[in-house]
Amino acid sequence: QVQLVESGGGSVQPGGSLTLSCAASGFTFSTCTMSWYRQAPGKERELVAAITSTVGSYADSVKGRFTISRDNHKNTVYLQMNSLKLEDTAVYYCNARRFTFNAWGQGTQVTVSS
């Protein structure tokens, strides 16, 4: 059974930090591109960051503030979020993708407020 379970969301003040984790099971994690997406209320889901084997890529809005990483031994992908802004508030989703395989987690809420 394919599962992606996100954790680490919460509430934080502007300028704060959070680290999201996504634990994967039921598929060959190491062969997949892993990504973090987010969806704010009233907005479309957007790609935040992605990582292939070791190379990460980022949306311009988070470049320099967020870092994506993966541990293929633990089947886990992380998103370190620093210098959080009000506009980073959203539900963050983990995604695994390889050719026709495409799986999503249930999402974790990140709220940045003063």
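The values are calculated or read from the model by the stated rules, or taken from the named source; none is laboratory data. Remember, predicted model here, so these are calculated numbers, not experimental data. Note that we place each Cβ from the backbone using ideal geometry, even for glycine, and neighbour counts take in every protein chain shown. These accessible areas exclude ligands, DNA and RNA; they are computed on the full protein's heavy atoms, side chains included. Shrake-Rupley method; radii C 1.70, N 1.55, O 1.52, S 1.80 Å.
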For this session: With a probe of 1.4 Å, find how much accessible area segment 1-96 has per residue, and write the answer as a whole number in Å².
Result: 50
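Roughly how many percent of the accessible protein surface of segment 41-102 is carbon and sulfur, given a 1.4 Å probe and a whole-percent answer?
Working: 1890 of 3730 Å².
Carbon-and-sulfur percentage of accessible area, whole number: 51.
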For this session: Please express the shape of the chain as an equivalent ellipsoid: the semi-axes are the square roots of 5 times the eigenvalues of the C-alpha gyration tensor, given largest first in whole angstrom.
Result: 23, 14, 13
Seminar exercise, completed: Two pseudo-spin positions, 7 Å from Cα along C-beta at Ser69 and at Thr33, lie apart in nanometres by 2.3
Seminar exercise, completed: Once both label points are put 7 Å beyond Cα along the C-beta direction, the Gln3-Arg97 separation in nm becomes 2.5
